[in-house]
Structure formats: structure tokens, C-alpha cells
Amino acid sequence: MSAKTLSKNFTEGSIPRQLILFALPFMASNALQVLYSTVDMIIVGEYVGTAGLSAVAQSSQILHFATMVCFGFSNGGQVLISQALGAGKRREMNDIIGTMFSLIVILAAALSGIVLSARDLIMTLMNMPAESRDMALDYLIICGAGLIFTAGYNMVSAVLRGMGDSKRPFIFISIASVINLVLDILFTGIWGWGVAGAAWATIIGQAVSFVFSLFYLYRNREGFGFHLSLSNLGINRKYAGMILSLGTPMAIQSGCINISMLYVNSMVNDLGVVASATFGVGIRIDDIANRVSQGIHLAATPMISQNIAARKEERAQRVVHCAWVFSGTLTVIFMVLYVVFGKQLFMVFSDDPAVHEMSGVFIRAILWMFPALAVMRGTSAFIQGIGNAKLSMLLAMLDGVVLRIGLSRLCGVVLGWGFYGFVLGFGAAAYGCAIPGLIYFLSGVWKKRRILADDI
């Protein structure tokens, strides 16, 4: 297979067609990734009850934090790969990919060690309800030990994204999702392993997706235009510095958002196990919608990177415009579905009448967030695509650390709005990232930045 067969050139052709065809597999892949923990929650809610549901919901947030830190560095490598491809620097991709692999493995191992060694402290800081604590620890320990598989799959997926391949990651995660579902039913439902069974199902499924994706990438390395071997798996100082300079702000960005989520979770947990379970379920449902629309973001980022590297700034801008149209359409659809079928979705996870009653409060509050997300999909993809990771980090810190925590506490505690206020503040904080990002894009000041591909 030739390099032209597997890698894609986004500097020519119809932008709307390229974006939607490239994005669709990402949208499906993202939905399936969220379904890992979602299936766990549904099965646990059915066979273990509200306390088990709360345990999985809260532990998943911790693991999501660690995963997204690794995802940030993988995205940094993806931007570098896309710009190298756009600039025609295929030889340099060997060391870029090898260095990226080595860094992610080290990082995943370190994060796994931190999660396992600090698990009791994490439970205390999260204010975990007593009814859920032991089960949450079981889930955290098992999934924390298998973090390398989650990080590994996301790493390989980032390489494929950078090359313009969105179909294979979808296939691999689909296989893993089926395995996870079957094992969830077997371990938790039939064998009665409880929350631990759901954790084992998740880890086995993730391990399969990682092995399959890694094998595919290595087998087709010639077709993608690189020649990765064991000799490339060391750390090249030049590219390690570039990946870290891009990935560190992106990792901090992901970390800030997830830390804020954990803080808001801890405040919600003060309201009891019903509020904890409702918030956890609501965030999971919301995450499915967000991750589906994030497929637009993931597709637009390498398209923008290639065009910026090829000195086609106007075409890169048109990619952003198309991303706004597509993400805006999805936002309207999701808002309608939330209003019409929101409570029914909560019923899938739990048969607790108290959770059903509180779900209406969650839905009314979270709807405020969706318009901001529609704007963010295009602007965030653009900021990352041009390699301005520092701005991404600053906006994430504004969103996560300042506004999300501040507004949730203001609305929930200071104003005394309770559960509604926590959710409202959590969602409204997204405007703090969307509006400045929009201003930056429209201002045109980014045109004066040095192109990252010049340094590869």
C-alpha cells in the first residue's frame, strides 16, 4: 500500500465533505468510549443498586482525569504529526512517533502508580458517601492498574488521527465495547462480582482495543509513510521538547477541567448518595452528547494543522466555519432530545424514584451549557491546530479552575440554590472558554505566529 492510500491530504478538496466524513467515525468512537463506563453504570445500577451506581460514577471521574492528562500529551503529538505531514516532512515522523510512544508509556505508568498509592486520600478528598466507599475503591484499584491500556489506545488513535485515519480507531473500540458489554453481564450480572466485575470487564475491553490498534499501526507503517522500529522508541530530545511544549498545556487543560469536576462532585456528595448518583448519571449522559460532538473537534484539528503548515490560512478558517455549522446543528438536536427524553435516559441507569425526581433539576440546569459548547468545538480545534497550546491551557484554567469552581460554589452554596446551583454553575462556566476563544479567532492576531512545522 502506498502512503497516499492510508494518509489523507486535507489541503485540497471539499471542506464540508472532508470534515463530515472524517468526523463521523470519531463521533461514533467517542460515543463508544464513553459507553465503557456508561455500560458499567447501567449494569451496576441494575444489579448492585444506587450505592454501586454512585461508586462507579465517582471513581470514573478520577480515572477520566488520569486518562485525559495522557490524552493531552497524545494530542500534542497528533498536532506535530499533522503538521509534519502537511509540510511534507515524513522522515521526521519516525522519531516523533517513537518519542511520543515512550513519553506516554512513562506518563501512564506514573499516573497509575499515583492513583493506586493515593486511593484512600482520593476517596477522602472526594467526600465519598460511606455506602459507596468500599465499592469505589475496588473499581479505582482495578481500573487504575490497567490505565496503561486506556492511555495506549488513545496514543495509537492520536497517531492515526494525525495521519487522517478515523475509521480504524472506531473499529477497534467497537470490538472492545462488545467485549466489555458481554463481560459486564457475565461478571456482574451472572457471577455476582459486583462493582469489581464491571471494572474487570472495562480493563479487558480496553486491553483488546490497545493490542488490536497497535498491531494495525505497526503492520501498516509503510502505507502511512513512516518506518517505525524499536530503534525509534527512545526519546529524541528535540521532539520530546516539542511534544512536551504542546502536550503539557493540553494536559493541564484536561487536568483543570477534571479537577473542577471532582471539586463540584465533592460538593454534590455533601447532599447525599441520591444527589451523588444523579449527578454522576447526568454527567455521563451529558458526556455522551459532548463526546459525540467532540468528534467535530477531533476531525477539524488535524485538518487545520495540515492547512496551516501548507500556508493555507483561509482554508483553515473555512474548516472552523464548517465545524461551527456542524456542531451547532448537533447542539440543537441534543438539546431537544434532552428536553423530551431526559428523564427516560436517567431511568435506564436507575429505578430509584428519588433519582428520577432529581433528574429533572439536573436537566433544567445543564441545558445552559450547550450553546457554549457549539462555539467551543470550532475555536478550540483551531487554537490546538495552529499549535497555540498555551492559550488552550489559559482558557481551560479560566473555565475549570476559576469559573467552574467559582460559579458552582456561588450558585450552589452562597446563593443557596443547592443541587440546581451546582449543576448550573458547572455548565455556565463553558462560556468563559467559548467567548475568549471566539474573540481570538476573529481578531486575526494568530496570523503573526510562527508556524510549528518550520521547526520540525
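Throughout, read-outs are computed from the coordinates displayed, never taken from laboratory work. The structure presented is a predicted model; accordingly, all values stated were derived computationally and were not measured. Please note: Cβ atoms are built from the backbone with ideal geometry, for glycine as well, and neighbour counts cover all protein chains shown.
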Next item on the list: Compute the Cα gyration tensor for the stretch 325-365, then decide on rounded, prolate or oblate, letting a ≥ b ≥ c be the square roots of its eigenvalues: rounded whenever a/c is under 1.5, prolate when a/b is larger than b/c in the other cases, and oblate in all that remain.
Entry: prolate
Check: In degrees, nearest 10, range 0 to 90: what is the angle between the Cα axis of helix 15-47 and the longest Cα principal axis of the chain?
Finding: 30 degrees
Check: Using the eigenvalues of the Cα gyration tensor, what equivalent ellipsoid semi-axes result for the stretch 226-354 when each is taken as the square root of five times the eigenvalue, whole Å, largest first?
Finding: 37, 23, 13
Next item on the list: Wrap a convex hull around the Cα atoms of the stretch 39-179, take a quarter of its surface area, and give that in square nanometres.
Entry: 9.1 nm²
Check: Along the positive direction of the dipole of the chain (beta-carbon charges: Lys, Arg +1; Asp, Glu -1; about the Cα centre), which of Leu367, Ile122, Ile435 reaches farthest?
Finding: Ile435
Note to self: Viscosity 0.890 mPa s, temperature 25 °C: give me the Stokes-Einstein translational D for the stretch 383-456 in µm²/s, with Rh taken as the Kirkwood radius over C-alpha pairs.
What the structure shows: 178 µm²/s
Next item on the list: Can you tell me the order of 70-81, 308-319 when each peptide is scored by its average per-residue count of other Cβ atoms within 10 angstrom, highest first?
Entry: 70-81, 308-319
Note to self: Between 0 and 90 degrees, rounded to the nearest ten: what's the tilt of helix 418-428 against the longest Cα principal axis of the chain?
What the structure shows: 10 degrees
Notebook entry, point to check: Hey, fewest Cβ within 10 Å first, where do His321, His356 land in order?
Noted result: His321, His356
Notebook entry, point to check: How big is Rg to Rh over the stretch 333-401, alpha-carbon atoms, Rh as the Kirkwood inverse-mean-distance radius?
Noted result: 1.15
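Round to the nearest 0.05 the FRET efficiency obtained for Ser443 and Leu337 when R0 = 51 Å and r is the Cβ-Cβ distance.
Details: r = 35 Å, r/R0 = 0.68.
Using R0 = 51 Å, I get an efficiency of 0.90.
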Note to self: Per 0.36 nm of contour for each residue apart, how much would the distance between Ser174 and Thr124 grow if the chain were fully extended, relative to their Cα-Cα spacing?
What the structure shows: 14.5 nm
Check: Could you put Val156, Val115, Val336 in order, starting from the residue whose Cβ has the fewest other Cβ atoms within 10 Å?
Finding: Val336, Val115, Val156
Notebook entry, point to check: Once you have the alpha carbon radius of gyration of the stretch 118-198, what is it after dividing by 2.2 N^0.38 Å, with N set to its residue count?
Noted result: 1.39
Notebook entry, point to check: How many times 2.2 N^0.38 Å is the alpha carbon radius of gyration of the stretch 14-449?
Noted result: 0.94
Check: Add -39500 (n - 2.57) for each DSSP H run of 4 or more in the chain, then divide by its residues: what number comes out at 222 nm, to the nearest 500 deg cm²/dmol?
Finding: -27000 deg cm²/dmol
Check: Using the reciprocal of the averaged 1/r over all distinct C-alpha pairs, how large is the Kirkwood radius of the stretch 315-456 in Å?
Finding: 16.9 Å
Margin query: For the stretch 92-242, take every pair of Cα atoms, bin their distances at 10 Å starting from 0, and report each bin as a whole percent.
Written below: 11, 32, 31, 19, 7, 0
Notebook entry, point to check: Taking the mean number of other Cβ atoms within 10 Å as a proxy for protection, how do you rank 170-179, 57-66 from highest to lowest?
Noted result: 57-66, 170-179
Next item on the list: Order the peptides 405-411, 42-48 from the highest to the lowest mean number of other Cβ atoms within 10 Å of their residues.
Entry: 42-48, 405-411
Notebook entry, point to check: To the nearest 10 degrees, how steep is helix 133-145 against the longest Cα principal axis of the chain, on a 0 to 90 scale?
Noted result: 20 degrees
Notebook entry, point to check: Too long at a 30 Å Cα-Cα cut-off: which of Lys8/Lys447; Lys167/Lys448; Lys238/Lys390; Lys8/Lys448?
Noted result: Lys167/Lys448
Check: What size of dipole, in debye to the nearest 20, comes out for the stretch 121-220 about its Cα centre when the only charges are +1 on Lys and Arg C-beta atoms and -1 on Asp and Glu C-beta atoms?
Finding: 480 debye
